[in-house]
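Presented below is the structure to which this report refers.
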Amino acid sequence: MRFEKVTIENFKNVVHGELTFENKRRPYGPSILALYGQNGSGKSALIDCLLAFKLLVTGEPLPRRFADYVHKDAGFARFLYEFDHNDGRAKYEVEFRDNEGAPQLVRETLSYVSDETNHLKTAFTTKGYDEYGPKALQAAM
């Protein structure tokens, strides 16, 4: 798997930010990426965004501190990850909000483009914590 692009909205001091991981010299080869910028430019927001991806795709909860990082004016934060994998390209989008000091997932969507069809298809989407969250899963058992 290789990230192509990461978009961050309403997280920490980033209202909207995009970072493209394009390697123009060797599109499918290894590359080294350096991250630099002034204080407050979003470096740690990107690192936390990548941490959120790792945690969510392995079924782990977001750290409680993520609730404090949601922009109060917006009421939610959103991450969009675009990446290549063995079967084509994929997009994973997650939106969460501060729920009394804990991050609460509001929506998750995984979409993919297979090499065969070249059309975006939704693999799954969840909307609403109560309908799809841990409480709903426990009630179904």
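The values are calculated or read from the model by the stated rules, or taken from the named source; none is laboratory data. What you are looking at is a predicted structure, and each value in this text was computed from that prediction instead of being measured. Areas reflect the complete protein model, heavy atoms only, side chains present, ligands, DNA and RNA absent. Shrake-Rupley method; radii C 1.70, N 1.55, O 1.52, S 1.80 Å.
Could you list log10 I(q)/I(0) for the stretch 1-115 at q = 0.09, 0.15 Å⁻¹, which the Debye formula gives when each Cα is one point scatterer?
Debye intensities relative to I(0), on a log10 scale: -0.25, -0.69.
Excluding ligands, DNA and RNA, what is the solvent-accessible area per residue of the stretch 22-104 at a probe of 1.4 Å, expressed in Å²?
66
What order do Asp68, Asp48, Asp98 take when sorted by accessible area (1.4 Å probe), most exposed first?
Final ranking, largest accessible area leading: Asp68, Asp98, Asp48.
Note down the accessible area of Arg107, probe 1.4 Å, to the nearest 10 Å².
Only protein atoms counted, so the area is about 50 Å².
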